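S.K.: Structure in structure tokens, see below.
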Amino acid sequence: MQNSSLLNQVFLIFAETFQKHREDISALLLTSQKYLWLGSDETSTLERLSLVEGNKFAEHQQFRVAEFISLPAPESEEIDIEGLAYADYYLWLVGSHSYKRKKPKSKHTDVKNIQRLATITSEANRYILGRIPLVDGKLFSSCSHPQNPDVQLSAAKLELTDRGNLLMAALADDPHLGCYIKAEIPGKDNGFDIEGMGIYQNRIFLGLRGPVLRGWAVIVEIELEDSTPGLMKLQQIGEQKQEYKKHFLWLNGLGIRDLRIDGEDVLLLAGPTMDLDGPVQVYRWKNGVSAPEDALHKPELVQDIPYGNRDDHAEGITLFNDVTGTPSLLVVYDSPAKNRLVDDSGVIADVFRLE
């Protein structure tokens, strides 16, 4: 499918040890000095690429999240990183917070596969919502603030609980989302599933792939504060002085696959909640960071993003203006088409003009 807003394509070159995970990139973020940070929904690591040519990122560096934030489960169990954000010398990351249903595999009999479809699991690492100090392209467990030496930056995560973490505990009784959490509905069955993160000042916006409620997508807004070293808790926010706020958005029945703050607007990558190919669209929620509570919002459709036949599912976006010199988005794909794979360790991403 041709798209008139396609500006360019970019080569992402990873180390050969990351070969299979180049096909499950789920989050990305361009930061200063033109570093590209990426997360996979199948690992517990963060990846950093550097701009080496006009349309090529390489020099792959891998960072183990467990070096900076203690994980509740072994590193071999994925965090399912679905969102990355940057604010005030912190790199933020968020796992999907979702339940998972086992899927059929060709090596099994029908009887076995039907049993697999009845198996729902919860993985503790998926409930990581945390921050890691990021200075000059490097991650630290703790360090001095570059502009204010009296301030100490430190890695931390939202406190974990038996239900996952404090956010899941707070949402368990929510009139819109609580029933999905209590029923343990898997993310890909329109269950609770975080797939996008943006930060404006000290407010964190979490985009939900699901549930989509009668066609309306949901963003959960929170603020965090330090509780004990290495841990954070929810602050009370909004007119109701609750631990979170909700925003309801009409995205033509689609869920949120990623989001990015652009000034005071929120850019939304929207796609199917369920296991479908498309449609995939980009929306602009004008003045979204200042949106009132208790309102229904209808963001402006910016453009359609091409998608494939059981492949090329747009999964992550980041503003790319600093590289192209013009308003643009870099888009990465889950299950990329074979013609996007480059040699043994590379994959091709798309750059779209941002209207």
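The values are calculated or read from the model by the stated rules, or taken from the named source; none is laboratory data. Just so it is clear, the structure is predicted and the values come from calculations on it, not from any experiment. Neighbour counts run over all protein chains shown; Cβ positions are idealised from the backbone, glycine included.
S.K.: Going residue by residue through the stretch 9-22, is there one that turns out to be touching a Gly at 6+ places or on another chain (Cβ under 7 Å) and aliphatic (A, V, I, L, M)?
M.R.: There is at least one residue in the stretch 9-22 that is touching a Gly at 6+ places or on another chain (Cβ under 7 Å) and aliphatic (A, V, I, L, M).
S.K.: Continuing with the same structure: Checking E315 against (1) in contact with a Phe, Trp or Tyr (Cβ under 8 Å, 6 or more places away or on another chain); (2) more than 15 Å from E264 (Cβ to Cβ); (3) not in a strand (DSSP E or B): exactly one of these is not met. Which one?
M.R.: (3)
S.K.: Is it true that R22 is in contact with a Phe, Trp or Tyr (Cβ under 9 Å, 6 or more places away or on another chain) and either on the phi > 0 side of the Ramachandran plot or assigned to a helix (DSSP H, G or I) (or both)?
M.R.: yes
S.K.: Could you grab the pairs with beta carbons closer than 7 Å, sequence gap of 6+ or different chains, first residue in the stretch 229-244 and under 22 Å from S70 (Cβ atoms) and in contact (Cβ under 8 Å) with a residue 24 or more places away in the chain, second one acidic (D, E) and surrounded by fewer than 17 Cβ atoms within 10 Å (Cβ to Cβ)?
M.R.: Hits for this filter: M232/E225; M232/D226; K233/E225.
S.K.: Moving on. Among the candidates E82, E75, which residue alone is in contact (Cβ under 8 Å) with a residue 12 or more places away in the chain and surrounded by fewer than 20 Cβ atoms within 10 Å (Cβ to Cβ)?
M.R.: That would be E75, the only listed residue that is in contact (Cβ under 8 Å) with a residue 12 or more places away in the chain and surrounded by fewer than 20 Cβ atoms within 10 Å (Cβ to Cβ).
S.K.: Right, another one. On the given criteria, is N202 of a type in the set (S, T, N, Q), more than 16 Å from the chain's Cα centre (by Cα) and closer than 30 Å to L276 by Cα?
M.R.: no
S.K.: Being within 30 Å of S32 (Cβ to Cβ) and either crowded, with 16+ Cβ neighbours inside 10 Å or more than 21 Å from the chain's Cα centre (by Cα) (or both) narrows it down to one residue among L139, L171; which is it?
M.R.: Criteria check complete, one pass: L139.
S.K.: Hey, another quick one. In the set H97, H145, which member is more than 22 Å from the chain's Cα centre (by Cα) and either surrounded by 19 or more Cβ atoms within 10 Å (Cβ to Cβ) or not charged (D, E, K, R) (or both)?
M.R.: H145
S.K.: Now a separate question. Just name the residue that is surrounded by the most Cβ atoms within 10 Å (Cβ to Cβ) out of those in the stretch 254-277 that are closer than 15 Å to K188 by Cα and of a type in the set (G, A, S).
M.R.: Top of the filtered list is A270.
S.K.: Which of the residues that make up the stretch 28-63 are of a type in the set (A, V, I, L, M, F, W, C) and touching a Ser or Thr at 6+ places or on another chain (Cβ under 8 Å)?
M.R.: L28, L29, L30, L36, W37, F57, A58, F63
S.K.: When the stretch 308-355 is examined, which residues are found to be surrounded by 20 or more Cβ atoms within 10 Å (Cβ to Cβ), closer than 26 Å to I261 by Cα and free of Cβ contacts under 8 Å to residues at least 40 places away in the same chain?
M.R.: Hit for the stretch 308-355 is D312, nothing else.
S.K.: So for the stretch 195-203 (the condition being within 24 Å of W250 (Cβ to Cβ) and free of Cβ contacts under 8 Å to residues at least 40 places away in the same chain), does at least one residue qualify?
M.R.: No: the stretch 195-203 contains no residue that is within 24 Å of W250 (Cβ to Cβ) and free of Cβ contacts under 8 Å to residues at least 40 places away in the same chain.
S.K.: T228: surrounded by 19 or more Cβ atoms within 10 Å (Cβ to Cβ) and not hydrophobic (A, V, I, L, M, F, W, C), yes or no?
M.R.: no
S.K.: Further question: Does S154 satisfy the criteria of being of a type in the set (S, T, Y), free of Cβ contacts under 8 Å to residues at least 12 places away in the same chain and surrounded by 14 or more Cβ atoms within 10 Å (Cβ to Cβ)?
M.R.: no
S.K.: Just to check your reading of the model, which residue among E59, E77 is on the phi < 0 side of the Ramachandran plot and either part of a helix (DSSP H, G or I) or of a type in the set (D, E) (or both)?
M.R.: When all the criteria are applied, what remains is E77.
S.K.: Here's another thing I want to ask about it. When R48 is evaluated against the numbered criteria (1) modelled with pLDDT under 95; (2) buried (at least 16 other Cβ atoms within 10 Å of the Cβ), which criterion, by number, is the only one it fails?
M.R.: The single condition R48 does not satisfy is (1).
S.K.: When the residues of the stretch 183-216 are narrowed to those that are over 21 Å from K100 (Cβ atoms) and in contact with a Phe, Trp or Tyr (Cβ under 9 Å, 6 or more places away or on another chain), which ends up surrounded by the fewest Cβ atoms within 10 Å (Cβ to Cβ)?
M.R.: Restricting to residues being over 21 Å from K100 (Cβ atoms) and in contact with a Phe, Trp or Tyr (Cβ under 9 Å, 6 or more places away or on another chain), the top hit is G215.
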